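Bear in mind these aren't lab numbers, they're just calculated from the coordinates by the rules spelled out. Model, not experiment: these values are computed from the prediction. Because the Cβ atoms are built from the backbone with ideal geometry, glycine has one as well, and the counts that use them run over all protein chains shown.
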Amino acid sequence: MIWLTIRVLPYYTKTSARTKEGADFVNTKQKLADLLENSKGEYLSGSLLAEKLGVTRAAVWKNIRQLKADGYKIEAVTNRGYRLRREQDAVSEAGIRKALGEQADVFTLEMYDVITSTNTVMKERAESLPEWTVIISGSQTAGRGRIGRSFYSPSDSGIYLSVLLRPALPASESTRITTAAAVAACRAIESCTTARPSIKWVNDVFVNGKKVCGILTEGSLNMETGGLDWAVMGIGLDVYEPDGGYPEEIREIVGSIAQQREKNLRNTLAASFLRQFYSICSSLEEADFAEEYKKRSFLIGEDILVLKGDAVLPARAVDIDKECRLLVQYEDGSREALSTGEVSVRPKKRDVQ
């Protein structure tokens, strides 16, 4: 599903930092991150790191500080050196770029420890940013879901990111962005974990009967062409259950992808999602992924409730078509193809003994 806004946005400029000095700093930081990740929890002294990197100890300290800002949990002990905390799984630019491999240059990554909402920040700057800019954060203070709902985004447990697109799509076909993201999320989860995800139309991914991923796509409509000037696809993946568990009001609905922490899982999962989403979007107009989306859906054949404003209409989910619209049949026998909306599975009736 996509929410469209027509607005005049201020134009922002961003100074490029791709100077030789900046590139050298990024390379040194990446090499330092690799050394720490490969040390298997052992301390590495500042002098040893300086020697291996060919820089001064002051430069090592400067890069350590930047890695901490990127989200790496680094312990520093006098006369021993530096090491990553055990069971390390910080979300970091260096970790995601490493997992992206040769596709790293496709994306412009911006990393935050905390942000209000990746979608909100991206929308404010969408006019001036290049396509495939990705804003990623370890937590959100004002995460947003569909229909104005909040999206619970605690620190150190999930991945929250938004991708800027400039798709050659009419607004009427913009649901393809959300459905493509759902397929990409399923592929990424399967490639990185043993979980078996499925899709609840239109924008939720479930594992073991609980929601582990939500997607919100927003965009700017070009009134002259009827197409999109830009679209922002935001996705939140609940990788681990947060410390203390989920809030009571969502505890029965929301779950996690992984049952225990794994080294570098969040970076790997984020990179896998970006690769899959980029691959699908390369032929978004053909909607080649629609059949896979249908196969992954668990709604087909289920009795559901269709929510339309204040009305709640009992129906059955009959099919999903090539446009990823949900075909429903109401109790009076009439049918409708839903391209947007909200549905829920009707509770099963219990047999009376």
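Details
- Proximal charge balance of S150 [Cβ under 13 Å; K/R count +1, D/E count -1]: +2
- DSSP beta bridges confined to the chain are antiparallel in about 80 percent of cases.
- Over all orientations, region 90-296 has a Cα convex hull whose mean projected area works out to 11.1 square nanometres.
- Sequentially through region 282-291, phi angles give Karplus couplings (6.51, -1.76, 1.60; θ = phi - 60°) of 5, 9, 4, 5, 7, 6, 5, 7, 4, 5 Hz, Gly and Pro residues having no value and appearing as x.
- Charging the Cβ of each Asp and Glu at -1 and of each Lys and Arg at +1, and nothing else, the dipole of the chain about its Cα centre rounds to 1100 debye.
- The ranking of F107, F298, F151, F273 from fewest to most other beta carbons within 10 Å of each one's beta carbon is F298, F151, F107, F273.
- Gyration tensor verdict on region 221-294 (Cα atoms; rounded if a/c is under 1.5, prolate if a/b is larger than b/c, oblate otherwise): prolate
- With the convex hull constructed from alpha-carbon coordinates only, region 66-160 shows a mean projected area of 7.8 nm² over all directions.
- For K295, a cut-off of 19 angstrom between C-alpha atoms picks up these aspartates and glutamates, skipping any fewer than 8 places away in its own chain: E190, D204, E286, D303, D319, D321, E323.
- Cross-link partners for K263 among the aspartates and glutamates, with Cα-Cα distance under 12 Å and sequence neighbours closer than 8 places in the same chain left out: E37, E87, D89.
- Projecting the Cα atoms of S39, V55, T78 onto the charge dipole of region 20-84, computed from C-beta unit charges around the Cα centre, puts T78 farthest toward the positive end.
- Applying 1/(1 + (r/R0)^6) with r as the Cβ-Cβ distance of A311 and V106 and R0 = 41 angstrom yields a FRET efficiency of 0.40.
- Both numbers refer to the Cα atoms of region 20-84; Rg and Dmax are 10.8, 33 Å.
- Less than 5 angstrom separates the built amide H of I115 from those of S139, Q140, T141, all sequence-distant by 5 or more or on a different chain.
- Each Lys and Arg contributes +1 and each Asp and Glu -1, all at the Cβ; summed about the Cα centre of region 90-296, the dipole is approximately 520 debye.
- Estimated purely from DSSP H runs of n ≥ 4, each contributing -39500 (n - 2.57), the mean residue ellipticity at 222 nm for the chain is -8500 deg cm²/dmol once divided by its residues.
- Taking Cα atoms only, the orientation of helix 175-192 departs from the longest principal axis of the chain by about 50 degrees.
- Between helix 20-37 and the chain there is an angle of about 80 degrees, using the helix long axis and the longest principal axis of the Cα atoms.
- With neighbours defined as other Cβ atoms within 10 Å of a residue's Cβ, the residues W230, W61, W201 order from fewest to most as W61, W230, W201.
- Set against the labelled values [x] 31, 55, 13, 1; [y] 28, 54, 16, 2; [z] 31, 63, 6, P(r) over Cα pairs in 20 Å bins from 0, in percent computed from this structure falls on [y].
- Dipole of region 303-345 computed with +1 at Lys/Arg Cβ and -1 at Asp/Glu Cβ about the Cα centre; of S339, Q329, L313, farthest Cα towards the positive end is S339.
- Spin-label pair T340-E224: with each label point 7 Å from Cα along the Cα-Cβ axis, the two points sit 2.4 nm from one another.
- Taking Cα centre as origin and charging only the Cβ of basic (Lys, Arg, +1) and acidic (Asp, Glu, -1) residues, the dipole magnitude of region 275-341 rounds to 200 debye.
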